[in-house]
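The values are calculated or read from the model by the stated rules, or taken from the named source; none is laboratory data. Keep in mind that what you see is a predicted model, and the values were worked out from it rather than measured. Note that we place each Cβ from the backbone using ideal geometry, even for glycine, and neighbour counts take in every protein chain shown.
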Amino acid sequence: MRRNAIQLSHRHRAVLYLSTLALLVTGAAWAWLHYFHRVEGEFGPEFSPVEPWLLKAHGAAAMISLLVIGSLLTVHVKRGWQAGLNRRSGTGLLTTFGVLIATGYGLYYLSDEKLRGLTSNIHLWIGLALTLLLIAHIVLGHRTRRDLHRQRQAQAEHSPASSLP
């Protein structure tokens with residue numbers, strides 16, 4: 001974390017972005033193969049042999065993302081909430097991650113096929129939406145930081161201490 005403890009360090013940001021990108025790529029690739037690209041086998045269409053490997057990579061990226069989310073809760077989320085900054089987009093992100101964690105757990109442990117299908121669809125669509133929510137949170141964070149910087153500059157220019165010789 002940086003000195004203001006809300007803005008992420010370059011390393012922290014890189015791990016967050018890379019793990020989220022890995023989740024998006026592996027999840028989207030799995031969904032594309034699973035739903036749109038069947039391999040013709042001896043007895044008809046079969047699932048791609050790459051699918052299990054994509055799921056394993058997706059699970060590994062999910063574990064890294066869980067660690068990143070946990071590390072964000074201790075300082076970034078706490079200080080941002082206390083400062084009243086980007087609460088809506090931050091709450092949306094945390095809620096989305098929570099739904100993805102719950103549905104990911106369900107996909108791993110649910111045995112009822114109807115419920116599993118519904119859980120899979122929720123996980124897929126919410127996972128795709130996560131990318132947009134993360135981008136929105138980042139853009140809003142940059143805008144908020146820029147606006148706060150401008151407010152501080154304006155206050156410094158108009159403060160009585162700045163008019164002293």
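Evaluated against (1) assigned to a helix (DSSP H, G or I); (2) over 15 Å from N86 (Cα atoms), V139 falls short on exactly one condition, (2). Inclusion of G104 among residues that are small (G, A, S) and under 22 Å from H12 (Cα atoms) is not warranted.
On inspection, T96 fails the criterion of being under 18 Å from the mean Cα position of the chain (by Cα), within 26 Å of L33 (Cα to Cα), in a helix (DSSP H, G or I) and modelled with pLDDT under 95.
So which residues in the stretch 19-43 are hydrophobic (A, V, I, L, M, F, W, C), in contact with a Phe, Trp or Tyr (Cβ under 8 Å, 6 or more places away or on another chain) and more than 19 Å from W125 (Cβ to Cβ), if there are any at all?
Residue satisfying the conditions is V39 alone.
Pairs meeting the criteria (first residue in the stretch 66-80 and closer than 20 Å to Y105 by Cβ, second residue aromatic (F, W, Y) and assigned to a helix (DSSP H, G or I), beta carbons under 9 Å, at least 6 apart or on different chains) are L66/F97; I69/F97. Within the stretch 95-105, the residues that satisfy the criterion of being in contact (Cβ under 8 Å) with a residue 12 or more places away in the chain and surrounded by fewer than 17 Cβ atoms within 10 Å (Cβ to Cβ) are V99, I101.
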